[in-house]
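To keep things clear, I will list the structure first and then write my remarks on it.
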Amino acid sequence: MPAEPLSETPVPVPGADAARARSVELEREIARDPGAFRILTGDRPTGRLHLGHWFGTLRGRVRLQDAGVETFVLVADYQVLTDRDVADHLDAYVRDLVLDYLAAGIDPARSTVFRHSAVPALNQLMLPFLSLVSVAELRRNPTVKDEIAHSRQSAVSGLMFTYPVHQAADILFCGANLVPVGQDQLPHLELTRTIARRFNDRYAPVFPEPEALLSEAPLLLGTDGGKMSKSRGNAIALSATADETARILKGARTDADRHITYDPEHRPEVSSLVLLAALCQDRDPRAVAEEIGDGGAALLKKTVTEAVNEHLAPLRARRAELAADPGHVDQVLRDGNAHANEVADATLTRVSTAMGMRA
Ligand code: TRP
């Protein structure tokens, strides 16, 4: 396997600036009228969520849910099959993901948590949707290209090229009009909008054209200075114990300068640790760095460890409680799947009626 570059620049995505500007407006509209929005978000179940997920997206979803926006949260189990053989762990990963959601504050009384393999009508939308896009459009998707470039597999599956169409079904089946995403997901959302538009033009106006709500993910690096990722073993899982957290941070890469500063450009590893402490304490990273000053890497790591453990303590306590009752996760998914199925069945009826496939 080729060596991973230490710091990674995200794939350049056209339209990111416009999406960012629009997101500011959208935030204002949400504050004014949360009931006008329906959100769908989701993750691939590939392991436990980490601090990058928490500060990047999860916290924001909980905030939107709490603000009164109707929320669908998808455990994207089919999407895992794009790139790896997961049959072994899938059930455990789904369970971990749902536990992380619930511990983070996703409330099943207000949000629909479901997995797409449990919603047949959602998956059936993939067929008409595939007919609405060209192979050339699928090949152009920069996020898919990047995933193929980083893939460990020798052959590219058909699902790899078509999963963005499946993702359109994830979003459109429930008529979501808002999708909180990071930059890398913008091409998928653009395709979703194209599919909605083409379907509406060709058959009947069934789908809203969803908009992206860009979340500004803070640049948190893994403890090795590379991109934070569960598969690289350089991330702190939300569910890690306080001792595991201390151990992982103890091994974090820093640099030779004892004086701690916040300087992401020149000192990425040190600055990422400072930022993590600052995020946990809801402070300015410069103030955190100044306080540590000449305390060096040892004091920096001690500070970060305490900040992370304190910040996550309530979440971890909730997670442990929830995990002690395995029936609870099953029930949450059963209820969420049932609701998603009702919504998907109604959408599929409208779709097949519009296409002349009923009666
Ligand atoms: N592609 C997303 C990811 O890799 C997961 C996902 C699947 C998703 N379906 C979605 C995200 C629909 C937003 C909307 O993280």
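The values are calculated or read from the model by the stated rules, or taken from the named source; none is laboratory data. Keep in mind that what you see is a predicted model, and the values were worked out from it rather than measured. Note that we place each Cβ from the backbone using ideal geometry, even for glycine, and neighbour counts take in every protein chain shown. Calculation scope for accessible area: heavy atoms of the full protein, side chains included, ligands and nucleic acids excluded. Shrake-Rupley method; radii C 1.70, N 1.55, O 1.52, S 1.80 Å.
Quick test for you: out of THR241, THR245, pick the one residue that is hydroxyl-bearing (Ser, Thr, Tyr) and open to solvent by less than 30 Å² (accessible area, probe 1.4 Å).
Working: THR241 fails: open to solvent by less than 30 Å² (accessible area, probe 1.4 Å).
The conditions single out THR245.
How about segment 133-184: which helices (runs of 4 or more DSSP H) wholly inside it have at least 2 residues that are at pLDDT 95 or above and away from the ligand (no atom under 15 Å from the Cβ)?
Numbers: elements: 135-140, 142-150, 158-172.
Answer list for segment 133-184: 135-140.
Has segment 309-316 got any residue that is within 22 Å of VAL98 (Cβ to Cβ), assigned by TED's automatic domain parsing to the domain that holds GLY105 and not charged (D, E, K, R)?
So the first thing to find is which residues in segment 309-316 are within 22 Å of VAL98 (Cβ to Cβ), and the list is 311-316.
Subset that is assigned by TED's automatic domain parsing to the domain that holds GLY105: none.
Scanning segment 309-316 turns up no residue that is within 22 Å of VAL98 (Cβ to Cβ), assigned by TED's automatic domain parsing to the domain that holds GLY105 and not charged (D, E, K, R).
Report yes if some residue within segment 88-107 is modelled with pLDDT under 95, closer than 25 Å to LEU26 by Cα and of a type in the set (Ser, Thr, Tyr); otherwise report no.
The answer is no, given that none of the residues of segment 88-107 is modelled with pLDDT under 95, closer than 25 Å to LEU26 by Cα and of a type in the set (Ser, Thr, Tyr).
Out of segment 201-214, which residues are out of contact with any Lys or Arg (no Cβ under 7 Å at 6 or more places or on another chain) and either among the hydroxyl-bearing types (Ser, Thr, Tyr) or open to solvent by 20 Å² or more (accessible area, probe 1.4 Å) (or both)?
Correct list: ASP201, ARG202, TYR203, ALA204, PRO205, PRO208.
May I ask you to say which residue of ILE236, ILE260 is open to solvent by less than 60 Å² (accessible area, probe 1.4 Å), in contact with a strand residue (DSSP E or B) (Cβ under 9 Å, 6 or more places away or on another chain) and of a type outside the set (S, T, N, Q)? Break it down stepwise before answering.
Details: ILE260 fails: in contact with a strand residue (DSSP E or B) (Cβ under 9 Å, 6 or more places away or on another chain).
That would be ILE236, the only listed residue that is open to solvent by less than 60 Å² (accessible area, probe 1.4 Å), in contact with a strand residue (DSSP E or B) (Cβ under 9 Å, 6 or more places away or on another chain) and of a type outside the set (S, T, N, Q).
Can you go through LEU58, LEU40, LEU26, LEU49 and tell me which one is within 15 Å of the ligand (Cβ to nearest atom), touching a residue at least 12 places away in the same chain (Cβ under 8 Å) and over 22 Å from LEU275 (Cβ atoms)?
On the way: LEU58 fails: over 22 Å from LEU275 (Cβ atoms); LEU26 fails: within 15 Å of the ligand (Cβ to nearest atom); LEU49 fails: over 22 Å from LEU275 (Cβ atoms).
Going through LEU58, LEU40, LEU26, LEU49 in turn, the sole match is LEU40.
Would you pick out the residues in segment 262-299 that are of a type in the set (A, V, I, L, M, F, W, C) and over 20 Å from LYS227 (Cα atoms)? Lay out the reasoning, then the answer.
Going through segment 262-299, the residues of a type in the set (A, V, I, L, M, F, W, C) turn out to be 270, 273-280, 287-289, 292, 297-299.
ALA287, VAL288, ALA289, ILE292, ALA297, ALA298, LEU299 - these are the residues of segment 262-299 that are of a type in the set (A, V, I, L, M, F, W, C) and over 20 Å from LYS227 (Cα atoms).
For the condition under 24 Å from ALA104 (Cβ atoms), among the hydrophobic types (A, V, I, L, M, F, W, C) and crowded, with 18+ Cβ neighbours inside 10 Å, what is the one hit in LEU279, LEU300? Working first, answer last.
Working: LEU300 fails: under 24 Å from ALA104 (Cβ atoms).
Among LEU279, LEU300, only LEU279 is under 24 Å from ALA104 (Cβ atoms), among the hydrophobic types (A, V, I, L, M, F, W, C) and crowded, with 18+ Cβ neighbours inside 10 Å.
Only one of (1) modelled with pLDDT under 95; (2) more than 24 Å from ALA104 (Cα to Cα) is not met by PRO326, so which one is it?
(2)
What single numbered condition from (1) over 27 Å from LEU275 (Cα atoms); (2) at pLDDT below 95; (3) within 16 Å of the ligand (Cβ to nearest atom) fails to hold for PRO14?
(3)
Could you list all residues from segment 342-359 that are assigned to a helix (DSSP H, G or I) and open to solvent by less than 50 Å² (accessible area, probe 1.4 Å)? Spell out how you get there, then give the answer.
First, pick out the residues of segment 342-359 that are assigned to a helix (DSSP H, G or I): 342-354.
Matches in segment 342-359: VAL343, ALA344, THR347, LEU348, VAL351, SER352, ALA354.
Can you confirm whether LEU102 is more than 14 Å from the ligand (Cβ to nearest atom), surrounded by 19 or more Cβ atoms within 10 Å (Cβ to Cβ) and within 13 Å of the chain's Cα centre (by Cα)? Walk me through it before giving the result.
Values: more than 14 Å from the ligand (Cβ to nearest atom): yes; surrounded by 19 or more Cβ atoms within 10 Å (Cβ to Cβ): yes; within 13 Å of the chain's Cα centre (by Cα): no.
Taking the combined requirement at face value, the residue does not satisfy it.
If you go through segment 329-341 one residue at a time, how many are open to solvent by 30 Å² or more (accessible area, probe 1.4 Å) and touching a residue at least 24 places away in the same chain (Cβ under 8 Å)?
Step one: filter segment 329-341 for residues open to solvent by 30 Å² or more (accessible area, probe 1.4 Å), giving 330-331, 334-335, 338-339, 341.
From what is left, the residues that are touching a residue at least 24 places away in the same chain (Cβ under 8 Å) are 335, 339, 341.
Counting residues in segment 329-341 that are open to solvent by 30 Å² or more (accessible area, probe 1.4 Å) and touching a residue at least 24 places away in the same chain (Cβ under 8 Å) gives 3.
To keep it simple, each residue is scored yes or no on (1) in contact with a Ser or Thr (Cβ under 9 Å, 6 or more places away or on another chain); (2) buried (at least 19 other Cβ atoms within 10 Å of the Cβ).
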| site | (1), (2) |
| --- | --- |
| PRO164 | yes, yes |
| PRO180 | yes, yes |
| LEU189 | no, yes |
| PHE199 | no, yes |
| GLU216 | yes, no |
| LEU220 | yes, yes |
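Of everything in segment 63-77 that's part of a helix (DSSP H, G or I) and surrounded by fewer than 19 Cβ atoms within 10 Å (Cβ to Cβ), which residue is farthest from the ligand (Cβ to nearest atom)? Explain how you work it out, then say what you get.
Of the residues in segment 63-77, the ones part of a helix (DSSP H, G or I) are 63-66.
Checking the rest, the ones that are also surrounded by fewer than 19 Cβ atoms within 10 Å (Cβ to Cβ) come to 63, 66.
On the way: ARG63: 17, ASP66: 19 Å.
Of everything passing the filter in segment 63-77, ASP66 is farthest from the ligand (Cβ to nearest atom).
For ALA212, state whether it is in a loop (DSSP other than H, G, I, E, B), among the aliphatic types (A, V, I, L, M) and within 15 Å of the ligand (Cβ to nearest atom). Lay out the reasoning, then the answer.
Values: in a loop (DSSP other than H, G, I, E, B): no; among the aliphatic types (A, V, I, L, M): yes; within 15 Å of the ligand (Cβ to nearest atom): yes.
No; evaluated as a whole, the condition is false for this residue.
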